[in-house]
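What follows is a set of notes on a single structure, which appears directly below.
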Amino acid sequence: MSDVRYPFTAIVGMADLRLGLLLNAVSPAVGGVLVRGEKGTAKSTMVRALAGLLPSIATVDDCRFACDPAAPDPQCPDGPHDSPSSSERPSQLVELPVGVAEDRIVGSLDLERALAEGVKAYEPGLLARAHRGVLYIDEVNLLQDHVVDLLLDAAAMGRSYVEREGVSVRHAARFLLVGTMNPEEGELRPQLLDRFGLTVEIAATRDPAERAEVVRRRLGYDADPAGFAARFAEEERALAERITAARELLPKVELTDVALRQITAVCAAFEVDGLRADIVMARTAVALAAWDGRTEVLEEDVRKAAQLALPHRRRRNPFDAPGLDEEQLDRTLEEHAQQEEPEPEDDGPGPDGDGGGSDDGDGPEGGPDGGGPDGGGAPEPSDGGPEAPEAPEAPSPEDPASDGPEAPAQPPVPAQHPAPARESAPVAAGDPYRTRLFTVKGTGHGAQGRRSPAETTGGHTIRARRPQGALARLHLTATLQAAAPHQAARGRSGRALVVHKDDFREQVRQGRESNLVLFVVDASGSMAARQRMTAVKGAVLSLLMDAYQRRDKIGMITFRGSGAELALPPTSSVEVGAARLESLPTGGRTPLAAGLLRAHEVLRVERLRDPSRRPLLVVVTDGRATGGRDALAQSRRAAALFAAQGTASVVLDCESGPVRLGLARTLAGLLGGAAVSLDELRAEGVASLVRENRAADRSANRSTTSMRKAA
């Protein structure tokens, strides 16, 4: 692999990504860039190319924290720096691997010096190396949550705080933070998304000419990296000079009251949480003005800043795609630009700011639009969606579809028998809600998450033990306690502690792990009633949201007709699962055994791929089984396979109606799991039930007490 970086100016297209990166190069206070896009779109190439454009920095000699000699960090662990000597070096690009540990990021106690010399010394981490440079996180969505939190906290505060193993250190950590991710591999939590200053969505161009130019340039670089870079050297130099000039101009840019009011109005109109969006937009607009060589922020700067800073903060539901309503943005900017200029419009009918919306017909249009899409936009389409097939029922001309819905209304029940055999159109899911927490019993050793108890690299330390394999997390106190009784026998003479290999102890930390949640969903004719399937889909969507928040891996199997289908292979992209659920058709027989057997095979393969990730089986069914004389017996034999392996399971009982057979609860017993009805799934429902029981107990106790007093 060549050491010559691919030139930034040689990358074809992707104007928004270029701009987002360059604005952060001009003003790192913007807060970094999150690059979202499909694989193979040159995300990593562009980030690495940017590092070559950044100006060189002056650093204090022998300072491991890259202190600026003009303004040294007063809290630098290598300080104080009085009249320091300095030298220049290029800005560093620090890449963070996916499996990085917390110690490697923030630094830790220098164990070698602590044990050999008896002194407390700090070993800097990657945040110290990235100071005044670029910190690049590829596949940021695959990092553990506590690691991402730590990185974003440092990026937001510009300082790293280290409190561990008797070490208390604070040092500057200001860097250009860039994260890349492929949404197909899982999303970041909204709280973490909000910590990135800007976000950019990219996709490969569909223009054959542009694609050909991309391939041509890449082949030219691979054949002769140095020669290819020389072709773009002049453009690279000009771009680097423009970054330097924009940095120098940045402090002189004025954010006018008009621009600031537009920024706050836009953030309020799009209902973003908190004030971070306002601050990021202001910094971005100022950086845009400096990049264009201006000293005043214009409306066009505010508009572009909103397009970069707000889409990922607009998300109200984890499964909603980031986006921005351009018409609403333009309308808000226009309204608040006019409010600042009331005098030239004195002759108009609406001089007051309140009347501006009625001019030019904005009021009539804004009334219905503003109340519908923004306030309750998500529920409206889902309510309207199921009604769409019934619309042709009123005019019943030659459309054969209109005859279908009317037929069951007049003939008695026998006319409806063929209906389950036909495939029904997908119905929309009900609104999601917070569900009960289902966990896997015991203590696991899987990837860190937020569901089941497990021994993890994070969490709190519960005990110490002898290392199992290579020493990963030293338990310093336990190690010293193990070595202390033997110091005299080992001939200790100075401050240094004599430690043998048998003395080392490692930490055992307890936290929570993520699991593989495998959904087995009954999509047969017995579930096809519109209202019922809407409720069932809403319940599964709620469980999917819960899995998303707990960083689980999910899979989905559906069964109907003559067999079962793996609708979603196990993946971290819960959004794909939600999309598959939304388009799920229903109808046909109920091959419950086929669904369970397919789930058993999927779990067998996943155990081979990732033995440490424990599964949780969620069966969504009313318990019925059809398709043969012994269909029910086959399903019960299939359920026994899971019980024999100890697979944690939950049956979501979808049976409804006045007469209930209890088949789903019988299935749960055979699986060795719990059965939960749709009503019992809601977390608030369980809480209210507990409260009612407690209130009833208190009332009974009071009655008993009063009776005793009366006696």
- Note on the structure: Quick calc, residue 296 & residue 682: beta-carbon distance into FRET formula, R0 56 Å, rounding 0.05, result 0.55
- Item | Cα-Cα over 23 Å, subset of 43/553; 39/537; 252/304; 441/553 | 43/553; 39/537
- Query: For residue 177, which sequence-distant residues (separation of 5 or more, or a different chain) have an amide H within less than 5 Å of its own amide H, given hydrogens modelled in the peptide plane?
  - Reply: 32, 33, 135
- Query: By the scheme Lys and Arg +1, Asp and Glu -1, what is the net charge of all other residues having a beta-carbon under 11 Å from that of residue 463?
  - Reply: +1
- Note on the structure: Which residues qualify? For residue 568, with a placed amide H closer than 5 Å and at least 5 residues away or on another chain, they are 556
- Message: Using 0.36 nm times the number of residues separating residue 223 and residue 95, minus their current alpha carbon distance, what extension gain do you get?
- Response: 43.5 nm
- FRET E, pair residue 496, residue 204, Förster distance 45 Å, beta-carbon r, rounded to 0.05: 0.15
- Have a look at 53, 105, 79 and report the one farthest towards the positive end of the charge dipole of the stretch 49-113, computed about the Cα centre with Cβ charges (Lys/Arg +1, Asp/Glu -1). 53
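Among 299, 565, what's the order by accessible area (1.4 angstrom probe), most exposed first?
In descending accessible area the options line up as 565, 299.
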- With all protein chains present, the stretch 183-257 has a carbon and sulfur share of its accessible area (1.4 Å probe) in percent of 53 percent
- Query: Applying 1/(1 + (r/R0)^6) with R0 = 25 Å to the Cβ-Cβ distance of residue 471 and residue 168, what FRET efficiency is obtained, to the nearest 0.05?
  - Reply: 0.60
- Expressed as a whole number of Å, what is the distance separating the alpha-carbon centroids of the stretch 198-254 and the stretch 629-651? 58 Å
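How much accessible area per residue does the stretch 175-321 have, in Å², with a 1.4 Å probe?
47 Å²
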- Just the accessible area for residue 476, please: 1.4 Å probe, Å², rounded to the nearest 10? 40 Å²
- Query: Given 0.36 nm per residue, what is the gain on full extension from residue 659 to residue 626 after removing their alpha carbon distance, in nm?
  - Reply: 10.0 nm
- Message: What are the ³J(HN,Hα) couplings of the stretch 648-659, residue after residue, when phi is run through the Karplus curve with 6.51, -1.76, 1.60 and θ = phi - 60°? Round to Hz, x for glycine and proline.
- Response: 5, 8, 9, 10, 8, 6, 9, 5, 9, x, x, 9
- Note on the structure: Whole-Hz Karplus couplings 3J(HN,Hα) for the stretch 65-82, θ = phi - 60° and coefficients 6.51, -1.76, 1.60, Gly and Pro as x, run 10, 6, 5, 7, x, 6, 8, x, 6, x, 9, 4, x, 8, x, x, 9, 9
- Interchain or long-range residues, amide H under 5 Å from residue 324's placed H: none
- Message: Run the simple label-point estimate for residue 234 and residue 637 please: 7 Å along Cα→C-beta, distance reported in nm.
- Response: 8.0 nm
- Message: At 0.36 nm per residue, and after removing the present C-alpha to C-alpha distance, how many nm does the segment from residue 39 to residue 71 gain when stretched out fully?
- Response: 7.4 nm
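The values are calculated or read from the model by the stated rules, or taken from the named source; none is laboratory data. As the structure is a prediction and not an experimental result, all values here were calculated from the model. Backbone-built Cβ (ideal geometry, glycine too); neighbour counts: all protein chains shown. The area values use the complete protein model at the heavy-atom level, side chains included, leaving out ligands, DNA and RNA. Shrake-Rupley method; radii C 1.70, N 1.55, O 1.52, S 1.80 Å.
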